[in-house]
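Peer 1: Below: one structure in structure tokens.
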Amino acid sequence: MAKKKKNKKKKLKQSKGQLGKKKETAREKMIGQTIGYRYDVNLLPDYKKLTPFLKKYIEHMGWDDLNWLEDVHMGYEENRPAVFDRNANGWVTIPKKIKLPDNQQDRDMIARELLVKFQMSPNHPLVDLKKAYLKF
Amino acid sequence: MANLKTSAKKTKAQSMGMHTEVLTGKTQQKFFNPDEAENFFYWGTHDVDFNKRTELDVKDMDCKMANDKIDRLMSEGYGTIVIKNPQGKHSLGVGILNKLNLIFEGSLGYFGVGSIDGPIVKVNGRVGWSCAENMMAGKVIVEKNAGSCFGAAIRGGDLICKGSVGARTGIDQKGGSIIVGGDAGAFTGFMMQRGRIVVLGDVGINLGDSMYDGTIYVGGKIGSFGSDAVEAPMEKNDIDWLNRKLSVAEIGNNFDVSKMTKVVAGKKLWNYDALEPTEKKGAI
């Protein structure tokens, strides 16, 4: 009987690192619930962290700010960092070669840059679909 | 009787194997090639020059003809197109997927500039129902009033109306910003899932009804809150963002954004425990 009690304690220790068991964020405290995402989807971008590529992209498009990219964040898919590509309607995983900073603002800027490059690439999965189904 | 099996012509999609491919889920393990970094427009769209300007009179054209003509002008490299006499025609300027300065000298009908991804559009008049529906990116400025469902299902970009808008503004919004200089009707932010709505004037009843996420800022009076919409404290980040966005929108000079009401979802509709179990796995 005593052995069984020890096992229970071990299981509790393992679950400490999981989301929902960690310290709550300010937003989680406010709403009184655990946020399912492991990143803040409402985080406003820090423009001091803009990458040179993103500056060039904004200038090229004639916009005043990040525009649609304000809503792009570095997320996770199957325990790997990933960016959601709304055009392909799927998560695109980040290659292991790319080392990511700990700060979410920096990670988000990298996510934005990678997503633009991916979407504008002639190797994007939608290019094949467009070639096949383009009507006009 | 004809043998349908042998007489059916193989489409291009079938010959590419798209009807027989094995679907393995949403995750794409391959990523981009860094050498392709400097490309700023989608495959199959046009890289236009903002300094190349032209005018297009659409008085005697239907919407399909007008949209075809706009596409042809973009393919010739025109980056600034002024549309004369839009006369409230429906579905003008839809589906533009590259950068462009598009100026309408007049008003638009229903579903104007829908599904756009990138252009900067200026409408020197009013717009009808569902302006910029499904907008993906870019900036749209409407100088006067807008009808119902302004920015329905918008996914990104800045949608600005300097006047007042009708009911269900930002219905099913999934991203981007909707900024209204005047008042907004009932059910503003209905079922919104992400993004931000800013209304400098008053809003009607059922604000943010059944909203799942996102933020609504209101400068005037609120008719009533909808289901699961709750007030939240304004933070410094909100104030900074509002000041910056209002200057981008070219409205609200000297407007004290710190006195606005911030509305968010109460999260009673959230069911992530059941829907997204993989999201809850350990941090990386």
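The values are calculated or read from the model by the stated rules, or taken from the named source; none is laboratory data. Only a predicted model underlies this, so the values are computations on that prediction, with no experimental measurement involved. Reconstructed Cβ throughout: ideal geometry from the backbone, glycine too, with neighbour counts over all protein chains shown.
Peer 1: Select from the stretch B:53-72 the residues that are more than 13 Å from every other protein chain (Cβ to nearest Cβ) and over 23 Å from the mean Cα position of the chain (by Cα) and list them in ascending order.
Peer 2: B:53, B:54, B:55, B:56, B:57, B:58, B:59, B:60, B:61, B:62
Peer 1: Separate question: Within the stretch A:71-114, considering only strands (runs of 3 or more DSSP E) that don't extend past its boundaries, which have at least 3 residues that are farther than 16 Å from residue A:41 by Cα and at the interface with chain B (Cβ under 7 Å from one of its Cβ atoms)?
Peer 2: A:90-93
Peer 1: Quick check: anything in the stretch B:126-143 under 25 Å from residue B:64 (Cα atoms), hydrophobic (A, V, I, L, M, F, W, C), in contact with a Lys or Arg (Cβ under 7 Å, 6 or more places away or on another chain) and not in a loop (DSSP other than H, G, I, E, B)?
Peer 2: Taking every residue of the stretch B:126-143 in turn, at least one turns out to be under 25 Å from residue B:64 (Cα atoms), hydrophobic (A, V, I, L, M, F, W, C), in contact with a Lys or Arg (Cβ under 7 Å, 6 or more places away or on another chain) and not in a loop (DSSP other than H, G, I, E, B).
Peer 1: I've got another one for you. Hey, can you tell me all the residues within the stretch A:60-70 that are touching a strand residue (DSSP E or B) at 6+ places or on another chain (Cβ under 9 Å) and in contact (Cβ under 8 Å) with a residue 12 or more places away in the chain?
Peer 2: Within the stretch A:60-70, A:65, A:69, A:70 meet the criteria.
Peer 1: Looking at B:177, B:148, B:164, which is the one that is hydroxyl-bearing (Ser, Thr, Tyr) and surrounded by 21 or more Cβ atoms within 10 Å (Cβ to Cβ)?
Peer 2: Among B:177, B:148, B:164, only B:177 is hydroxyl-bearing (Ser, Thr, Tyr) and surrounded by 21 or more Cβ atoms within 10 Å (Cβ to Cβ).
Peer 1: Condition check: among the charged types (D, E, K, R), more than 14 Å from every other protein chain (Cβ to nearest Cβ) and crowded, with 18+ Cβ neighbours inside 10 Å. Does residue B:209 satisfy that?
Peer 2: Spelling it out, residue B:209 is indeed among the charged types (D, E, K, R), more than 14 Å from every other protein chain (Cβ to nearest Cβ) and crowded, with 18+ Cβ neighbours inside 10 Å.
Peer 1: Something else about it: Report whether or not residue A:104 is in contact (Cβ under 8 Å) with a residue 24 or more places away in the chain, closer than 21 Å to residue B:100 by Cβ and either polar (S, T, N, Q) or surrounded by 18 or more Cβ atoms within 10 Å (Cβ to Cβ) (or both).
Peer 2: Against the criterion (in contact (Cβ under 8 Å) with a residue 24 or more places away in the chain, closer than 21 Å to residue B:100 by Cβ and either polar (S, T, N, Q) or surrounded by 18 or more Cβ atoms within 10 Å (Cβ to Cβ) (or both)), residue A:104 does not qualify.
Peer 1: Anything in the stretch B:136-184 that is at the interface with chain A (Cβ under 9 Å from one of its Cβ atoms) and hydrophobic (A, V, I, L, M, F, W, C)? List them, or say none. Spell out how you get there, then give the answer.
Peer 2: If we filter the stretch B:136-184 for residues that are at the interface with chain A (Cβ under 9 Å from one of its Cβ atoms), which is where we start, we get B:136-139, B:155-158, B:174-177.
B:136, B:137 - these are the residues of the stretch B:136-184 that are at the interface with chain A (Cβ under 9 Å from one of its Cβ atoms) and hydrophobic (A, V, I, L, M, F, W, C).
Peer 1: Can you tell me which residues in the stretch B:249-260 are crowded, with 18+ Cβ neighbours inside 10 Å and at negative phi? I'd like the intermediate steps shown before the answer.
Peer 2: First, the residues of the stretch B:249-260 that are crowded, with 18+ Cβ neighbours inside 10 Å: B:249, B:251-252, B:257, B:260.
Those that are crowded, with 18+ Cβ neighbours inside 10 Å and at negative phi: B:249, B:251, B:257, B:260.
Peer 1: Could you check how many residues of the stretch B:216-227 are modelled with pLDDT under 95 and β-branched (Val, Ile, Thr)?
Peer 2: Going through the stretch B:216-227 one residue at a time, the tally reaches 0.
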